[in-house]
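What follows draws every value from the coordinates through simple rules; no lab data is involved. This one's a predicted model, so the numbers in the text were calculated from it and none came from an experiment. No Cβ is skipped: glycine too gets one built from the backbone with ideal geometry, and neighbour counts run over all protein chains shown.
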Amino acid sequence: MRKNLDRYMNRKGTKVVILTLTNSCNLNCVYCYEHNKEVRSMELETALKIVEREMTLGDGSDFVCVYYFGGEPCLEFDKIKKIHAFLKSRTWPKGWFSFMTTNGTLVHEEVQQWLLENDDTIEIYVSLDGTKEMQNRNRSGSYDKIDVDFFVKHYPFAKMTVTEQTLPHLAEGVISLHERGFEVSANLGHGVRWEPDSPQIFAGQLQILSDYYREHPEIKPANTLNLPILDLEPGTQNPRRFCGVGPMMRSYDTDGRAYPCHAFAPLSIGKEKAAAAEKLDFSCPLAMEELDEKCRNCPVIGYCPTCYGINFAASGNVYRIPEDHCRMMKVQFLANAAFKYQLYEDGRLELTPEQELKFLRNIKAVQTLADS
């Protein structure tokens, strides 16, 4: 489980600072959105200056989540140790914690020992795409290079990405990770092109997962079937942004240049588009006219999983969601509504009378997606 990320990320006053320590990676995953990998890394001096500035900046934040990012961040393990030692060496005016997502192939021996020694100030999450066969298909045959038992014992949270090739095995992959002992975040790959029959396949896989979770109430459902149905605000004229991009998020490229998030950096969208992204303003409220017309009256607006950087790279519009992704999201919300309603009928949801009324209204609103 994630011991600290949700607790720290969801608190008011937390700023996310992403340090892209390297553009390099030792894998070549089929769905990777970082299409501009150059052999570049962040200088230690640059990283330390960024950390010092962010930890002392009067920007309204009182806590900083420092993300060691890549590429594969563990390629710069020695640098991570030095940055982390710097953070621990000072008394800062803000609280802090650090995180890292890794492909796991370099997390052995010395790296494992260091992580355990610094367990009070860092957590690490591994990207695992399901079964061994699914992992090897998506992620360069890397399964046997990962000490899965180490992650299960100390950091049992797996980030799973679903592609067109592994979609027919989604349920099998999620269940296999649960049975190894992982909590699972399973997401559709952003920028992945979905075939006309993908929504039907997706619906079938989500039904299998729904049945599994009803039979195993002790297991926390993957986010795939844990969307916040209760929080939806159908008909809102003041939609929230789906992700945390904005003044309280800053992503630094290897040269120390800042972007709204890593998906807007040159590593992901190229230098020309990244330069244009620097002009984007996420400090102001989201205006309804900025959205695709199809999104403006959608009952799941503000909670529909999308990547603004990927959208911007594809169309030049942060809020333009590709049609095939939209179809997949409709399936996912419909499946979530059906699953949550089943839990409600099973007496497994604890709701106040006000919450119950809102929940049932939201279920009815989501069901209209079947006709759109």
Quick one: among P247, P93, P228, which has the greatest mean-square fluctuation in a GNM of the chain with alpha-carbon springs under 10 angstrom?
P93
With only Lys, Arg, Asp and Glu charged, each at its Cβ (+1 for the first two, -1 for the last two), find how big the charge dipole of the range 217-372 is about the Cα centre; round to the nearest 20 debye.
160
Rounded, prolate or oblate: which fits the range 146-227 when a ≥ b ≥ c are the square roots of the eigenvalues of the alpha-carbon gyration tensor, with rounded for a/c under 1.5 and prolate only if a/b beats b/c?
oblate
Less than 12 Å Cβ to Cβ from L44, Lys/Arg counted +1 and Asp/Glu -1: what total charge do the surrounding residues give?
0
Find which of S372, A337, C298 sits farthest along the positive direction of the dipole of the chain, computed with +1 on the beta-carbon of Lys and Arg, -1 on that of Asp and Glu, about the Cα centre.
C298
For C25, the residues 5 or more places away or on another chain with a placed amide H closer than 5 Å to its own amide H are E72
In the chain, taking the dipole from +1 charges on Lys and Arg beta carbons and -1 charges on Asp and Glu beta carbons about the Cα centre, the listed residue (W92, L106, Y33) farthest towards the positive end is W92
About the Cα centre, and with charges only on the beta carbon of Lys, Arg (+1) and Asp, Glu (-1), how big is the dipole of the range 19-76? Nearest 20 debye, please.
160
Let me know the charge dipole size of the chain about its Cα centre in debye, to the nearest 20, where only the beta-carbon of Lys, Arg (+1) and Asp, Glu (-1) is charged.
720
Count neighbours as other Cβ atoms within 10 Å of each site's Cβ, and list the trypsin sites (Lys or Arg not before Pro) in the range 314-355 that are DSSP loop with at most 15 such neighbours.
R348
Hey, got a sec? Which trypsin sites (Lys or Arg not before Pro) in the range 152-211 land in a DSSP loop and have at most 15 other Cβ atoms within 10 Å?
R193
Vicinal HN-Hα couplings computed from phi for the range 229-235 (Karplus, 6.51 cos²θ - 1.76 cosθ + 1.60; Hz; Gly/Pro x)
4, 5, 8, 4, 10, x, x
Tell me the net charge near E195. Cut-off is 15 Å between Cβ atoms, E195 excluded, with +1 for each Lys or Arg and -1 for each Asp or Glu.
-2
Tell me which of P217, C284, I269 sits at the most positive position along the dipole axis of the chain, charges placed on C-beta atoms (Lys, Arg +1; Asp, Glu -1).
C284
Which of H35, H169, H190 moves most in a GNM of the chain, Cα contacts under 10 Å?
H35
Compute the signed sum of charges (Lys and Arg +1, Asp and Glu -1) over the other residues within less than 15 Å, Cβ to Cβ, of L349.
0
Ignoring everything except DSSP H segments at least 4 long, calculate the 222 nm mean residue ellipticity for the chain; use -39,500 (n - 2.57) per segment, divide by total residues, nearest 500.
-11500 deg cm²/dmol
What percent do you get for the relative contact order of the range 116-185 when only Cα pairs under 8 Å and 6+ apart count?
38
Please report the relative contact order for the range 183-325, taking Cα pairs under 8 Å with a sequence separation of at least 6, and give it as a percent rounded to a whole number.
27
On a 0 to 90 degree scale, rounded to 10, what angle separates helix 44-56 from the longest Cα axis of the chain?
60
Using Cα-Cα distances under 8 Å and only pairs 6 or more residues apart, what relative contact order does the chain have, in percent?
17
Efficiency by 1/(1 + (r/R0)^6): what FRET value for R40 and A370, r their Cβ-Cβ distance, R0 = 51 Å, to the nearest 0.05?
0.60
Give the residue list of GluC sites (Glu not before Pro) in the range 273-312 that are DSSP loop and have at most 13 other beta-carbon atoms within 10 angstrom.
E278
